[in-house]
Amino acid sequence: MSLSKSIAILIEELQINEKSGAKLYDSFWKYIAKTLAEDGSVEINGIGVFSIVKTEPKDDKSKAESKIIFTPSAAFKSEIGVGI
């Protein structure tokens, strides 16, 4: 889903103006990024958990890296019709 589509949904659902929708969207994702950077994970109740995990080097020439993973909650999986 595109940024503009996400903001349009917020505007319609919350009955707010475009500027407020954009600010809400931006603030939400900035909070996620800040919390991930500080704590290594962030849980959104009913949605799931974003976490930073360190990967092991694949061989002697590569190095360990970090990546962000998302683990959906059981409620979210059920909502979208994905088996648990």
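Any read-out appearing in this document is the output of simple, stated calculations on the displayed coordinates, not a laboratory observation. Note that this is a predicted model, so its numbers are computed, not measured. Glycine gets a Cβ as well: all are built from the backbone with ideal geometry, and neighbour counts include every protein chain shown.
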Worksheet item: Once fully extended, how much extra length lies between Phe76 and Asn45, figured as 0.36 nm per residue of separation less the alpha-carbon to alpha-carbon distance?
Response: 10.2 nm
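For a quick check of your reading of the filter: which trypsin sites (Lys or Arg not before Pro) in the range 46-84 sit in a DSSP loop and have no more than 14 other Cβ atoms within 10 Å?
Sites meeting the loop and neighbour criteria: Lys58, Lys61, Lys63.
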Response to the item:
Rounded to the nearest Å, the spacing of the alpha-carbon centers of the range 47-62 and the range 1-22 is 33 Å
Worksheet entry | Using alpha-carbon coordinates, inclination of helix 3-14 to the longest axis of the chain, degrees | 50 degrees
Worksheet item: What's the angle, to the nearest 10 degrees (0 to 90), between helix 18-39's Cα axis and the longest principal axis of the chain?
Response: 20 degrees
Worksheet, complete the sentence: Expressed in angstrom and ordered largest first, the alpha-carbon extents of the chain along the principal axes are 54, 31, 23
Worksheet entry | Over the chain: helical MRE at 222 nm, DSSP H runs n ≥ 4 each giving -39500 (n - 2.57), nearest 500 | -15500 deg cm²/dmol
Worksheet item: How much net charge surrounds Leu36 when only other residues with a Cβ under 12 Å from its Cβ are counted (Lys, Arg +1; Asp, Glu -1)?
Response: 0
Worksheet item: What net charge is computed for the residues neighbouring Glu18, neighbours being all others with C-beta under 15 Å from the C-beta of Glu18, Lys and Arg scored +1, Asp and Glu -1?
Response: 0
